[in-house]
Amino acid sequence: MTSILSLAEQADAADLSVFLQRAARLGCEHVRFVSSGRALVATVAVLTKQGLLDTDPSVLGVRVFELAENATAVDTLVLIAGVQERLAREVHEFLLPVGQAGIAWAGVAPPAGNWVELGQVDSGQLVAVAEAGIAEVAAANALGIKIVDEVRRSTWGRTMFSVGDSGGLSVPAGAAFAAFGLGFIPEGEQLTLSASGPWARLTSSRGHVLSR
């Protein structure tokens with residue numbers, strides 16, 4: 001089933017285009033759109049579990065855009081490439097690609113509320129973790145696809161820091177990678193760290209990164 005996406009202005013379409021370009025560069029193939037009133041929540045999966053027994057973290061990037069006043073409700077998962085093709089026409093109202101099914105991460109819903117603020121994280125710390133990890137993965141590029149994949153999983157799955165009682169909530173390095181790659185780390189801005197159940201969330205003025 002297809003849906004019509006009606007963004008408030010062309011500027012919103014341009015912002016969405018940049019967000020999806022960055023997500024695609026990180027290897028994201030799908031985006032989930034869910035509307036709430038005039039807010040459009042766009043979610044991409046930067047890191048996902050490979051199976052039920054996979055202990056690697058899930059890392060999602062979330063950004064909110066404004067819909068047109070009379071926009072129809074949207075709740076769908078679509079291919080990023082299809083949305084980018086439509087956005088290239090410089091329109092802010094268009095028919096979305098056909099919805100996709102069977103994508104495991106789209107069925108993992110982070111909590112909508114009950115987030116508890118835990119403190120601030122310096123943007124410089126996140127950039128340093130992301131850049132170090134990118135260099136580590138790049139150094140393995142000549143060693144074969146299997147080794148690169150193992151290095152990538154090890155690098156982004158390792159704990160960046162732990163918070164909460166007895167360090168019960170771990171924030172993976174992949175959260176820094178997602179925030180950096182999606183452009184969610186404004187220079188000189190501290191990001192807010194929050195938690196809800198097993199989920200951690202890094203928030204800046206540009207978007208959110210959720211990890212579990």
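The values are calculated or read from the model by the stated rules, or taken from the named source; none is laboratory data. The structure displayed is predicted, hence computed values, not measured ones. Every residue, glycine as well, gets a Cβ built from its backbone with ideal geometry; the counts of neighbours run over all protein chains shown.
Quick one: in segment 1-12, which of the residues that are touching a residue at least 60 places away in the same chain (Cβ under 8 Å) and outside any loop (DSSP other than H, G, I, E, B) is farthest from ALA112 (Cα to Cα)? Break it down stepwise before answering.
Initial filter on segment 1-12 (touching a residue at least 60 places away in the same chain (Cβ under 8 Å)): 1-10, 12.
Keeping just the survivors that are outside any loop (DSSP other than H, G, I, E, B) gives 4-7, 10, 12.
Values: ILE4: 24, LEU5: 22, SER6: 23, LEU7: 22, GLN10: 28, ASP12: 23 Å.
Here the answer is GLN10.
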Condition check for ALA139: modelled with pLDDT under 95 and in contact with a Ser or Thr (Cβ under 8 Å, 6 or more places away or on another chain): no
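Report yes if some residue within segment 10-20 is surrounded by fewer than 19 Cβ atoms within 10 Å (Cβ to Cβ) and in contact with a Leu (Cβ under 7 Å, 6 or more places away or on another chain); otherwise report no. Explain how you work it out, then say what you get.
Keep residues of segment 10-20 that are surrounded by fewer than 19 Cβ atoms within 10 Å (Cβ to Cβ), which gives 10-12, 14-15, 17-18.
Still in the list and also in contact with a Leu (Cβ under 7 Å, 6 or more places away or on another chain): 17.
Within segment 10-20, one or more residues are surrounded by fewer than 19 Cβ atoms within 10 Å (Cβ to Cβ) and in contact with a Leu (Cβ under 7 Å, 6 or more places away or on another chain).
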Given (1) more than 15 Å from the chain's Cα centre (by Cα); (2) within 22 Å of LYS49 (Cα to Cα); (3) modelled with pLDDT under 95; (4) assigned to a helix (DSSP H, G or I), index of the condition SER166 fails: (2)
Segment 13-32 residues that are assigned to a loop (DSSP other than H, G, I, E, B), paired with ones that are at pLDDT 95 or above and aromatic (Phe, Trp, Tyr) (beta carbon under 9 Å, 6 or more apart): LEU26/PHE177
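If I go through segment 139-162 residue by residue, how many of them are buried (at least 16 other Cβ atoms within 10 Å of the Cβ) and of a type in the set (Val, Ile, Thr)?
Going through segment 139-162, the residues buried (at least 16 other Cβ atoms within 10 Å of the Cβ) turn out to be 140, 148, 151-153, 155-157, 160-161.
Going one step further and asking which of them are of a type in the set (Val, Ile, Thr), we end up with 148, 151, 155.
Going through segment 139-162 one residue at a time, the tally reaches 3.
Does ARG38 meet the test of being surrounded by fewer than 17 Cβ atoms within 10 Å (Cβ to Cβ), modelled with pLDDT of 95 or more and of a type outside the set (Val, Ile, Thr)?
Numbers: surrounded by fewer than 17 Cβ atoms within 10 Å (Cβ to Cβ): yes; modelled with pLDDT of 95 or more: yes; of a type outside the set (Val, Ile, Thr): yes.
Against the criterion (surrounded by fewer than 17 Cβ atoms within 10 Å (Cβ to Cβ), modelled with pLDDT of 95 or more and of a type outside the set (Val, Ile, Thr)), ARG38 qualifies.
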